[in-house]
1. Return, for the Cα atoms of segment A:25-127, the radius of gyration and Dmax in Å, separated by a comma.
2. Label A:Ser203 and A:Lys191 with points 7 Å out from Cα along Cα→Cβ: what is the distance between them in nm?
3. Any chance you could run the full-extension gain for A:Glu309 through A:Ser246? It's 0.36 nm times the residue separation minus the Cα-Cα distance, nm to one decimal.
4. Stretched out fully, how many nm does the piece from A:Gln281 to A:Asn158 gain, at 0.36 nm a residue minus the Cα gap?
5. Based on Cα coordinates alone, diagonalise the gyration tensor for segment A:3-214, multiply each eigenvalue by 5, take square roots, and list the semi-axes in whole Å, largest first.
6. Quickly estimate the mean residue ellipticity at 222 nm for chain A, helices only: each DSSP H run with n ≥ 4 gives -39500 (n - 2.57), and the total goes over all residues, rounded to 500.
7. What ranking do A:Glu263, A:Glu182, A:Glu209 get, fewest neighbouring Cβ atoms within 10 angstrom at the top?
8. Arranged by the count of other C-beta atoms within 10 angstrom, fewest first, what order do A:Lys17, A:Lys218 take?
Amino acid sequence: MKNADIQSLLFWYGGNKRDLPWRNSRDPYCIWLSEIILQQTRVDQGLAYYYKFVEAFPRVQDLAKAHLDEVLAMWQGLGYYSRGRNLHATALHVTEIGGFPSTYEALLKLKGVGPYTAAAIASFAYQEQVAVLDGNVFRVLSRWLGSHLPIDAASTRNEFQALLNQWIPADSPDIFNQSMMELGALVCTPKSPKCEECPLQNSCKANAEGNATNYPVKKTKVKVSAMALTYFELHVAGKVAFVRRSNNGIWAGLYDLPSCSTEQEMTIDEIVNQLRDWGVQGELEFCHETRHLLSHRKIQARFYKVLCEHMPSNEFQWITLNELKVLGISTLLKNYLEKRYTVVA
DNA sequence: AACACGGGGAC
DNA sequence: GTCCCAGTGTT
Ligand code: SF4
């Protein structure tokens, strides 16, 4: 990219940027928080969470003092819950070492901070001359170059990163980074890019070819596998059995009804056996069936209810639906509970 | 290098 | 239905 292109880009940004709260700050905490929230997440979706977190935890020390369950409850609905767990762990670590690291290389060592986020914090908070490379920048650059290299190959990332690091101006690395991302978000969009409004239109190869949507090229497509999830609402004396999901896999660390994950729908025999293993006795009632889509899973969920005759001797936590309000649960379970109990989980 | 990991908006 | 979003961690 020539200097004139970069100047056009920066000028365009000055006149067209959105007013986003984290852009008014050079506080590494606010920038870090916003960047974690916005990983694979649209600004529109993340904005409310950003306000919620900043209000509840104005400083990184406040976030460090919170319990992980509280953080995950606030993260509920945003997805990619390992972000919430890493957010809390990093808040503890940063508080421990007395503040955020101030270089790209040091930021990269933080949990939940990869190449994109490290570059974002380093450039936005500390004006380090390191380029961000996110989905927007990949798309803009792939089109501008007219590149047929798959953007999900490591070699392409390295190549793009080297070009950007060559172009990023020393006196305004933060503005350059935000300009590239903003251009991808507002003009060089995945579908129907507005090339006629683009500050790079005269130098863009894809625009010259008149086929911007031929780019970018990807080699992999995420495959969606089917999965059956059988949930059990186990009641004893006004309380319901819950478990805390493991720190691996889907909805890691969230609270959940006891459930079984299988490839095929569970048979009644399998269900009866499972309940016997748990020591659950009582009449089994089928309640609800629904489907839930994740990026990589197509889930068929079936919900059963048992009014237990005795307290099963096992590892469940028995809580009231009211107590559940302060615990993080999946959107699938939240939708179910809202449908059945009109509670706000 | 390939895969796991959410949810929602736009088309 | 499809695509993909201010990506990172694990294997
Ligand atoms: S001219 Fe079109 S394709 Fe090229 S960078 Fe601008 S919006 Fe993207």
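Every number here is computed from the coordinates shown, using simple stated rules; none is lab data. The shown structure was predicted, so the numbers you read here are calculated from the model rather than taken from an experiment. When we count neighbours, we look across all protein chains shown, and the Cβ atoms used for this are built from the backbone with ideal geometry, even at glycine.
1. Cα only, segment A:25-127: 12.4, 34 Å (Rg, Dmax).
2. 3.1
3. Values: separation 63, 0.36 × 63 = 22.68 nm, distance 2.81 nm.
Length gained, A:Glu309 through A:Ser246: 19.9 nm.
4. Details: separation 123, 0.36 × 123 = 44.28 nm, distance 5.90 nm.
Full extension from A:Gln281 to A:Asn158 adds 38.4 nm.
5. Working: eigenvalues 202, 60, 51 Å².
Whole-Å semi-axes of the equivalent ellipsoid: 32, 17, 16.
6. On the way: 14 runs with 149 residues, N = 345.
Only helices count here, giving -13000 deg cm²/dmol.
7. Numbers: A:Glu263 8, A:Glu182 22, A:Glu209 12.
So the residues, fewest neighbours to most, are A:Glu263, A:Glu209, A:Glu182.
8. Working: A:Lys17 14, A:Lys218 11.
Placing the least packed residue first, the sequence is A:Lys218, A:Lys17.
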